[in-house]
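One structure below.
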Amino acid sequence: MKAKTLFQKVWDDHVVVQEPERPAVLYIDLHLIHEVTSPQAFTGLRERGLEVRRPDKTVATMDHSTPTLPKSLWVIDDQAKAQLAMLERNCKEFGIELYPLGDSRNGIVHVIGPERGFTQPGKTIVCGDSHTSTHGAFGALAFGIGTSEVEHVLATQCLLQRKPKTLEVRIEGQLMPGVTAKDIILALCAKIGTGGATGHVIEYTGSAIESLDMDGRMTVCNMSIEAGARAGMIAPDETTFAYLEGRDFAPKGPEWDAAVERWKALRTDEDASYDQTVVIDANKLEPMITYGTNPGMGMLIGQSTPTTDSFTDSSQKAAFEKAMGYMGLEPGKPLLGQKVDVVFIGSCTNSRISDLRMAAGVFSGRKVADGVRTLVVPGSHDVKKQAEAEGLDQIFIEAGAEWRQPGCSMCIAMNGDNLEPGQYAVSTSNRNFEGRQGKGGRTFLASPLTAAAAAITGEVTDPRSLLLS
């Protein structure tokens, strides 16, 4: 039998039909939906007189358009209000499980999928959201799809897909104190660029990946799309199984034992080969931060920004000059000491309990700098409850940060959680495009440690200087 990679095993298990020179018909095990990309898909079903083929394999949550202000949960954005109402109507009409605003099981789609146990090794998972690659941390093949594809999956539980190539990203060594999973993926984006993995599924391997907890693995896989990948995957292991055991929708009893035996086979065979391999030495990684307007414009936090002469390609030079102009930064200068107006800790990249614990470790016994608006937004109600049980919320509040309700929040600048023109933010989210967090807003992407350090000092700061003090 031919040796296979993890990706090839999951792909082959889900191909319904594969004709020569044609896209494969791929079966989808789990379809996650939210309020932003689903309305048109349901309209299409109605117009064609179609039902949802497998509502039992479809799960919905409200996250993108939900307000995060405590208590009131007042939707101030009219478009958001309409999207939320439409999702509720669609799920009721088509018999789909929905975790609505205020539900104790509600949260960001890529947070609640794993924590409820919907996400499992070997599954194919899709969602009308770029960062569906998050679920690949469990050994699932998970990727974002467009609105027309959402409709296709709702109607057929299948999807037309061309088989991607494979890229191994091997990260060996040990992360030093102050360096996190977020720094791993930002380092990869800086190394290969935002198009470096185009047409590929990344499999992350190596001792540094194996030593990450599931929250860290999800952070790494979450931003695979920012390097151009179709998906990111990590082989399941004992860490994966320990996370999933006992979750609401994980197998139980004898079914659990049988599932674990199947999942153990979901590893790349020893003699299998990848189309490409990239190697990163974890021992040499330091806290990362972006300086420009895409996640590939990143650097070690102690470095200076590039200069125009650093680029040989004319299009790269033009993109760099445009980015620096938008960011209001001078080429060749350090970011350390750059004043910050806002800090955002949250998003489907970094809103899990370990992320909040990291941030709280920096905030503890300290105060947020004057004039720095600091939002801490848990990824789900489960995360919120756990954080409050551990007293993390009090640490944030006593430091002067805002402790919010779950949701996507400032990642997509909805319901008042946004930057004002010209403001600088250190953000734990996944994208720093022009206007992503508010029109004219300027975003530096970083880890929860680096974001928390910026909140305390009011400027871009190496978190190690606070962790060691």
Answer yes or no: is there a residue in the range 146-164 that is open to solvent by less than 20 Å² (accessible area, probe 1.4 Å), in a strand (DSSP E or B), touching a Phe, Trp or Tyr at 6+ places or on another chain (Cβ under 8 Å) and not aliphatic (A, V, I, L, M).
no
Residues (closer than 17 Å to Thr349 by Cβ and not in a helix (DSSP H, G or I)) located in the range 176-185:
Val179, Thr180
From Gln437, Gln405, residue being of a type in the set (S, T, N, Q), within 26 Å of Val75 (Cβ to Cβ) and out of contact with any helix residue (DSSP H, G or I) (no Cβ under 7 Å at 6 or more places or on another chain):
Gln405
Going through Asp213, Asp183 one at a time, which residue ends up being under 17 Å from the mean Cα position of the chain (by Cα) and open to solvent by 10 Å² or more (accessible area, probe 1.4 Å)?
Asp213
Enumerate the pairs (first residue in the range 1-18 and loosely packed, with under 13 Cβ neighbours inside 10 Å; second residue anywhere and among the acidic types (Asp, Glu)) with beta-carbon separation below 6 Å, excluding pairs fewer than 6 apart on the same chain, so at least 6 apart or on different chains.
Ala3/Asp269; Ala3/Asp271
For the range 17-44, what are the residues that are under 28 Å from Asn90 (Cα atoms), of a type in the set (A, V, I, L, M, F, W, C) and out of contact with any Gly (no Cβ under 8 Å at 6 or more places or on another chain)?
Val25, Leu26, Ile28, Phe42
Can you find a residue in the range 116-123 that is in contact with a Phe, Trp or Tyr (Cβ under 9 Å, 6 or more places away or on another chain), buried (at least 22 other Cβ atoms within 10 Å of the Cβ), of a type in the set (Val, Ile, Thr) and assigned to a loop (DSSP other than H, G, I, E, B)?
yes
Could you please tell me which pairs satisfy a Cβ distance under 6 Å, a separation of 6+ or placement on different chains, a first residue in the range 303-331 that is more than 17 Å from Gly441 (Cα to Cα), and a second residue that is among the hydroxyl-bearing types (Ser, Thr, Tyr) and in a helix (DSSP H, G or I)?
Lys317/Thr308
Is there any pair with a first residue in the range 132-143 that is in a helix (DSSP H, G or I) and a second that is of a type in the set (S, T, N, Q) whose Cβ atoms are under 6 Å apart and which are 6 or more apart or on different chains, and what are they?
Ser133/Ser224; Thr134/Asn222; His135/Thr119; Phe138/Thr119; Phe138/Thr240
Near pairs, Cβ below 7 angstrom, 6+ apart or cross-chain, from the range 425-449 (assigned to a strand (DSSP E or B)) to any residue that is acidic (Asp, Glu):
Ala425/Asp341
On the basis of being within 30 Å of Glu97 (Cβ to Cβ) and of a type in the set (Gly, Ala, Ser), does Ala155 make the cut?
yes
Conditions (1) touching a strand residue (DSSP E or B) at 6+ places or on another chain (Cβ under 7 Å); (2) open to solvent by 10 Å² or more (accessible area, probe 1.4 Å); (3) in contact (Cβ under 8 Å) with a residue 60 or more places away in the chain; (4) not hydrophobic (A, V, I, L, M, F, W, C); number of the one not met by Gly232
(2)
Could you pull out the residue among Arg373, Arg352, Arg357 that is of a type in the set (D, E, K, R) and open to solvent by less than 60 Å² (accessible area, probe 1.4 Å)?
Arg352
Check Val59 against each of (1) touching a residue at least 60 places away in the same chain (Cβ under 8 Å); (2) under 23 Å from Ala155 (Cβ atoms) and name the one condition it does not meet.
(1)
Give the range 186-210 a look and list any residue that's under 17 Å from the mean Cα position of the chain (by Cα), part of a loop (DSSP other than H, G, I, E, B) and either among the hydroxyl-bearing types (Ser, Thr, Tyr) or at pLDDT below 95 (or both), or say none.
Thr194
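Can you tell me which residue within the range 264-282, out of those that are touching a strand residue (DSSP E or B) at 6+ places or on another chain (Cβ under 8 Å) and open to solvent by less than 80 Å² (accessible area, probe 1.4 Å), is nearest to Glu210 (Cα to Cα)?
This residue is Ala282.
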Return the pairs, sorted by first residue and then second, in which the second residue is open to solvent by 60 Å² or more (accessible area, probe 1.4 Å) and assigned to a helix (DSSP H, G or I), the first residue lies in the range 235-248 and is modelled with pLDDT of 95 or more and among the polar types (S, T, N, Q), the beta carbons are less than 9 Å apart, and the residues are 6+ apart or on different chains.
Thr239/Glu210
Residues of the range 285-342 classified as of a type in the set (Phe, Trp, Tyr) and touching a helix residue (DSSP H, G or I) at 6+ places or on another chain (Cβ under 6 Å), total:
1
Checking the structure you have, find out if any residue of the range 310-330 is assigned to a loop (DSSP other than H, G, I, E, B) and among the aliphatic types (A, V, I, L, M).
yes
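The values are calculated or read from the model by the stated rules, or taken from the named source; none is laboratory data. Treat the numbers as computed from the prediction; the structure is a model and nothing was measured. Glycine also receives a Cβ, built like all others from the backbone with ideal geometry; neighbour counts cover every protein chain displayed. The area values use the complete protein model at the heavy-atom level, side chains included, leaving out ligands, DNA and RNA. Shrake-Rupley method; radii C 1.70, N 1.55, O 1.52, S 1.80 Å.
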